[in-house]
Every structure is written in C-alpha cells, then in structure tokens.
Amino acid sequence: MQAADEHDDIAQRLQWHMALTVGYGQYDSLLFDEKPSQLFVLPRWSLYYNRLYVENLDLGFNLLESRHFSLDLSTKQSFDALLVRKGNAEDALIKSIAVHDIKWPIPWDSDIRDTLDLTKRHSSYLAGATLYFRGGNTELRSALHADISGVHNGKEWHNQLRYHYQYGAFELATSMGLRWLDRRYGNYYFGLRYSETEDAAANQPGSMWLPSLKLEASFTLTDDIRLVAHWKREWYPSAITASVFIGKAQHDVWFTGLQYRW
C-alpha cells in the first residue's frame, strides 16, 4: 500500500508535455551570399519534477519562488554556431573576396584556398542563473551564463521583456530582448583570426550588444490543436561584417504552422 502511495505521489509531482508543429519557416544564416535554411517541423518537449525541469536541451532548478519573483540555476544550449556554419564559411569568404575585389596577398603560384584554414565554429553549452520578475501580463527575464563546454569560455547576459495578451482563443505575445556577449564569445563566432588566413587578414569585433524583437501569435482550434506563427529578428554590430565571410548584420527566424500538443 505504501509503495502504491509513493508511486501516486511521484506521478502527481512529475509532469511532461510534448508539442509538434508542422508548417513552413526559415532560419537565416549570417554567411555571405548564403540562403536561409528551410524549416518544416518544430518539435518541443518539457519535463517538470518538483523544482527540477528540462525543456528541450535546457536544464533548470528553481532555488527561490514567490508570486512575482523567481531565481533558477539554469543551463542552455547556444545556437550561435548555426549562424555561421550553414554551407561552408570558407566558400562564403572566397565569394566575398571576389565580389568586393579584395586584394588578397597570396604567392603567384598558389590558390587562394592555400592561404585559408577557417576552423569550424562549434556549438557551446552554457550554465548560470536566471531571474524572473512577473506582474500581470508582463515578464522580465535576466539570465547570465558562461560556457562550460570549453568551446570559447565566454559569457552571455540575456535580458528579455515579454508582454502576453489573450482574448478568447487568440493569443499574442511581443518580446524585446538585449543580449551581451563578452570578447571571447563574440570573437569566437564572429571574428576572423590571422591563423585562419595565414596572417593575411583578421577581425576581432570583441564584446557586443545584440538587440532583438520577437512576435508570437496563436489561435486555439481544439484543446490539443492550434495555429501558431512567430517571427524574431536580432541585430548585430556592423563590425562583424569586417570578418568578410559574414555578409549581414541581422538575423531572422520565422515559422507558421499547425501545432499538436499532448
């Protein structure tokens, strides 16, 4: 009897949710002359047990919580590598040199590829803490994380102000964000090192502030199915385009489709 009671208690404290969205969207690349990636399916899952939670690849543990305030230990997957890894960054660099007629110092009997050794920008995993402040339909989130995967050993400070509005089956949310990346973080993903170009060129944009805007909308059709659409744009400093293989200083991601939740 006691074992059954314990099992029921665990089941009550354990909650999991899954959602699968099918539709169409695009994920931009910052690489020069690179087309966006197409998106057709967006899966999402989450698991909650007491103060511990898992959301996709992110982990968290709630330390403090009140009606308007909470503090979590948190980890997160960084996806900045996707901005400069689609296709081939080396090809993007060569295209940019040709289009802009950049005079690249190479020996007469060599190909330009002989002077290039661009390293792959790897994804990193971050850990730190997240603060939440809530009031009415508004939430302010501030999260400070540092790389624990040994990829770039940098830090990120992410702030977001989100307002949520609901009228019957229709929901709308707007978010304004501001990310700060320290020198190591910014240089690793968006910089160009002399070692990658045999001392021909380099660019170290350093630390940077990245503002963003996000819009989300949904319309509930049934208890489990709803129409969803979202769009986000993040702006980067123009200094990153001096790395040559980077072709623009803004990133868009958008998706619209039908979501099934269970």
Problem set entry | Complete set of residues in region 157-192 that are of a type in the set (Lys, Arg) and open to solvent by 40 Å² or more (accessible area, probe 1.4 Å) | 162, 183, 184
For this session: Looking only at region 122-135, decide whether some residue is more than 28 Å from residue 156 (Cα to Cα), among the basic types (Lys, Arg) and either modelled with pLDDT of 95 or more or open to solvent by 70 Å² or more (accessible area, probe 1.4 Å) (or both).
Result: no
Seminar exercise, completed: Heads up, the strands (runs of 3 or more DSSP E) in region 45-155 (entirely inside) with at least 1 residues that are under 24 Å from residue 19 (Cβ atoms) and in contact (Cβ under 8 Å) with a residue 60 or more places away in the chain are 58-65, 69-78, 124-135, 138-147
Problem set entry | Given (1) loosely packed, with under 12 Cβ neighbours inside 10 Å; (2) touching a helix residue (DSSP H, G or I) at 6+ places or on another chain (Cβ under 9 Å), number of the condition residue 138 does not satisfy | (2)
For this session: Filter region 193-216 down to residues that are small (Gly, Ala, Ser) and open to solvent by 50 Å² or more (accessible area, probe 1.4 Å), then give me how many there are.
Result: 2
Exercise. Could you list, in sequence order, the residues of region 218-262 that are surrounded by fewer than 16 Cβ atoms within 10 Å (Cβ to Cβ), in a loop (DSSP other than H, G, I, E, B) and of a type in the set (Phe, Trp, Tyr)?
Worked result: 262
Exercise. Inside region 18-37, can you point out the residues that are farther than 17 Å from residue 79 by Cβ and open to solvent by less than 30 Å² (accessible area, probe 1.4 Å)?
Worked result: 19, 21, 23
For this session: Return the total of residues in region 186-217 being among the hydrophobic types (A, V, I, L, M, F, W, C), farther than 16 Å from residue 31 by Cα and outside any loop (DSSP other than H, G, I, E, B).
Result: 6
Problem set entry | Matching residues, region 30-42, being within 26 Å of residue 257 (Cα to Cα) and either in contact with a Phe, Trp or Tyr (Cβ under 7 Å, 6 or more places away or on another chain) or modelled with pLDDT of 95 or more (or both) | 30, 36, 37, 38, 39, 40, 41, 42
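The values are calculated or read from the model by the stated rules, or taken from the named source; none is laboratory data. Keep in mind it's a predicted model, so treat the numbers as computed, not measured. All Cβ positions, glycine included, derive from the backbone under ideal geometry; neighbour counts span all protein chains shown. Just so you know, the surface numbers come from the protein's heavy atoms only, side chains and all, with ligands and any DNA or RNA stripped out. Shrake-Rupley method; radii C 1.70, N 1.55, O 1.52, S 1.80 Å.
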